[in-house]
């Protein structure tokens, strides 16, 4: 191994190497094109569109108040509410980038939340539970241990999915469907079928706390985003994920261990779901295995698609997916603010899905390409097609 | 002879794809009641010609006449309506439904508003009987062998579209001897009924067993159409490869190293390495600094050999020893760590990742070897990519260019660069020069010799005999998934061609 | 019965050797279906042994009474899955149908107008989904998800709370019990009959029409089906239309048995339906399976629920876990049966 490293190094010091070229600089691309091709363009455009709408129809949307040194307002609500979805979307991005899908994230959220609620509950085991014990502001387990157990439970679920997909060679949709069906049952098993209300105040910090006036959940999202970005862009995993998603066969022929790449993606997705479960249960002060994180898998997929990652896999952007999640919640809160009944929101969401589908359809893409082509004619210097 | 009217006459067919002229002014005629073999190596234009005839592709120029009337084939379905049916090696039927349905669906009989299964099975049986096949037609197609599935496909085309012209595209490549004989019986029977059959195969022996005439294509151009009786086998091979048999050995052979050090242990040693259905047990040795040519016609087992050596497929017999170590785990990942590299035959599907940039494609194998955590940073990536772009003369505006936008030759160089970056000891090149222009071809050949001079071992696979002869020190000839011959040192092309054709 | 339907055969040879061969061939070929029936039988018998109350014949008929809607949507789902698609909108469609029909009945519209109107709505809904999937090339998963959101959303727009149905025709349908002939103390209700009748229609469609056979062909290999000249586009859209119709029918049955309409009805029923289809031996990737198996898939689901109810101490979440485990087992069995066939 060391020999090879040294030879590779040696090779790079051959005549045609760095010294003669100096530091390589990527060629300049026109600003408009760079913006248009950026993964962030579409989700940001959608976000801007909704905000512009708000500016006209619901100016109160932008009001931010300071109470007890904390910031309050719709914008803060959006970010705070969107935090769990952003986390799930980050995990889902990696899974979809490998060409897979994870339908079980909602169930994973429920399992993780159930885990936390049960460990807090002082009435573990066969003790007689009195209302007095149940509603105490106390915990049976140290908080760090609770968090750890939460994360471990979700990560384990992800590992299970990854194992079925990579080792069991089961189609991702089918493999994760199993946990989607069984997961909420497992969560109920953990909580013994009860809707657990949480009274232990330190636990609320994750979903309701503030640091420097901003919700804690925001810091968690940013933290996970940085962690994920680091894992994906500062190791070779991101490149491998994209390569496997784009052309699994070529990747195999190149010696990439695609099984481990997939295993990692699903495990990480489970990990993200676990954090989302922690924040959600903390925010809601309860864990209802049937309803917590309901439809999150669908919202997360929507967020990822909005973020420009193709369902067939390949290039991905974590930040774009996170903004996609933000768009979904901005849309949601806007719909509330405008006065649409909360429950009719679903129909509005369907319209959003339709819009996204049309926006990303082949037809739109072809239309854009045509636009691009006329653009290229006027600027032949950026012509990409060159042949020997 | 001339009295027999043509079923199909194709005249002056030209078809160009971006960067390649796949067919150039090709004529082709199929008579009633003949079996017409269409021959040529990879890239000769066989499949494009068939695609034009079946409406998958539309010719840029040229005309097609069906029974004297000019036609334009709009789509595959339209060609079926015209009576032109194709049966592929991979049968285009649905294996989960019954044989009878596969034959009759689309024209199934109804009684009282529901499918009349009894009549349908009876009709299907009759249709198969026409081909002398008697099987239980109510069973799912998947339960029958590939040979029977092909018969069913033929029966369907006769039954549903009343085919007059049958195109059999490599139908025998997955059949054993008995099944092939069965298919040939059917072909003769249909020929007797006046059908015209186009037969595409890479088995020379079968052509001589069954075909009446042969049309040879090479590099998208028509070489000629011949009666089988008047074209000896060796001459056919010569025409397919584009060599003239009479002007023998006019070419001098350039070799960097004529000397061989047999005493040294080989880098790669395969003993009776084989995989059922892909390659019969094969002995192979590869020495340091040697270029080993693998010659053989398409489908002779060249790619299968490469895949076994690189661990894409795991062998089920024999042993493989690399650098004095017996290989136990077979996978590209393991081979990569062992210092073996493979530039695969199918550049697009198995080689490049088209949507990634040149830079990413070049560092991909090196990075796979380093693993997850020893990550090459962007600057290092650019340095490596830039180095190989210069070294191999890859023409691209920048290392950030997507590989799918490059020409075939440049894509091939990117794959070569990917593997050279891992500094391998053994380099297996499967058709590295296919479909790329002359200039790039010569560059790659030169590069191979340079690499050998740097003490690397190279397995060079090519359909072009000339380049195999020019750069290999040793040549192993494969035929019908077996080693047919091995030549060391200078050898003339006729000898090798004899070995390839099986007429030694 | 099931075997006869799945493999209509013209030439049965009575010689013993042939019988054996026939049996072997058919047992292997119908492996998943037979396994489903076996699991149902075992589950039912074990339930009867554990809880003698379950031995009453009425418990068996209750399976049909309680799972009529599930069976209906599962039948539609089977067709879509056989064709290689998926329909997540079924639960939403039930909610919409119950709410819309309850609202209309409350306005005094005649049930003889409401019921056909609901069925037309289901057909239009399914047709639209199929068209979006086929023409806009949207993944079935995403398109029907949109359908789910849309249907439930419209249900909430119609009414945020549950609407009770007081229509006398609906009440008569809901409360008239039909005694089962020859078996004492057993009965079903009129709407209970809808699902079994639909099953017969589905069997006819699947095995005796070009539509059904083309479904199988597309599920196996869409490209081949296209090259064989089969009507792929029409069949694909029709299968979603059929599923939409089944869901609307299920919604009507649902509203009759509960005498109410509510946007929260049938939450998660798409999952139960998919699980039932898979437990019924249908390959989730399409091309193999049997609508008769789906019946037994639903019966297994119903039996698990019954056992838990009779137990009383075991909690309902075991249903979900049990269904999940069975789904896993069936996916395992499927890969055993189908993949061996492919490679063997």
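Expressed as a fraction of 2.2 N^0.38 Å, the value expected for a compact globular protein of N residues, the C-alpha radius of gyration of segment B:395-457 is 1.14.
The modelled label-to-label distance between residue B:90 and residue A:70, using points 7 Å beyond Cα along the C-beta direction, is 5.9 nm. The calculated Kirkwood hydrodynamic radius for segment C:85-187 is 15.6 Å, given to one decimal from all distinct C-alpha pairs. Neighbour counting of Cβ atoms within 10 Å sorts the residues A:70, B:58, fewest neighbours leading, into B:58, A:70. Computed on chain B, with alpha-carbon pairs under 8 angstrom and 6+ residues apart, the relative contact order is 15 percent. Between C:109, C:124, C:253, the residue with the greatest mean-square fluctuation in the GNM of chain C (Cα pairs under 10 Å linked by springs) is C:109. Counting Cβ atoms of other protein chains within 10 Å of each residue's Cβ and taking the mean over peptide A:174-180 gives 6. Per residue, chain B reaches -10000 deg cm²/dmol at 222 nm when only DSSP H runs of four or more residues are counted, each adding -39500 (n - 2.57). Annotation: the antiparallel percentage among DSSP beta bridges lying fully within the protein assembly as shown is about 60. Compactness check for chain C: Cα Rg over 2.2 N^0.38 Å is 1.01. The mean number of partner chain beta-carbon atoms within 10 angstrom of a residue's beta-carbon across peptide C:276-283 is 1. Estimate the FRET efficiency between residue B:446 and residue B:234 by the formula 1/(1 + (r/R0)^6), using the beta-carbon distance for r and 30 Å for R0, to the nearest 0.05. Calculated transfer efficiency: 0.45. Listed from fewest to most Cβ neighbours within 10 Å, the set C:230, B:146 follows the order B:146, C:230.
The mean count of C-beta atoms from other chains within 10 Å of the C-beta of residues in C:221-232, rounded to a whole number, is 5.
Each principal axis of the Cα atoms in segment C:131-278 has its own extent, and those three values, largest first, are 54, 45, 25 angstrom. Between segment C:189-210 and segment C:32-57, what's the alpha-carbon centroid distance in Å? After rounding, the separation between the Cα centres reads 24 Å. Considering all C-alpha pairs of segment A:184-336, those separated by over 27 Å amount to 35%. Compared with the dominant principal axis of the Cα atoms in chain B, helix B:117-129 is inclined by about 70°. Over the residues of chain C, the helix contribution to mean residue ellipticity at 222 nm works out to -23000 deg cm²/dmol, using -39500 (n - 2.57) for each DSSP H run of at least 4. Here the residues A:62, C:296, ranked from fewest to most Cβ neighbours within 10 Å of their Cβ, fall in the order A:62, C:296.
Note on segment C:45-138: Kirkwood radius taken over Cα pairs, Stokes-Einstein applied at 10 °C and 1.306 mPa s, translational D equal to 98 µm² s⁻¹. Annotation: peptides B:406-419, C:203-216, C:45-58, ranked by per-residue average of other Cβ atoms within 10 Å with the highest first, follow the order B:406-419, C:203-216, C:45-58. Orientation-averaged projection of chain B equals 26.9 nm² [convex hull of Cα atoms, one quarter of hull surface area]. At the listed q of 0.05, 0.08, 0.09 Å⁻¹, the Debye profile of the protein assembly as shown, built from one uniform point per Cα, gives log10 I(q)/I(0) equal to -0.42, -1.07, -1.31. When Rg and the Kirkwood Rh are both derived from Cα coordinates, the Rg/Rh ratio for segment B:91-162 amounts to 0.94.
Since every read-out is calculated from the coordinates, none of them should be taken as a lab result. Here the structure is a predicted model, which means the values were calculated and not measured. Neighbour counts are summed over all protein chains in view; Cβ atoms, including those assigned to glycine, are modelled from backbone coordinates with ideal geometry.
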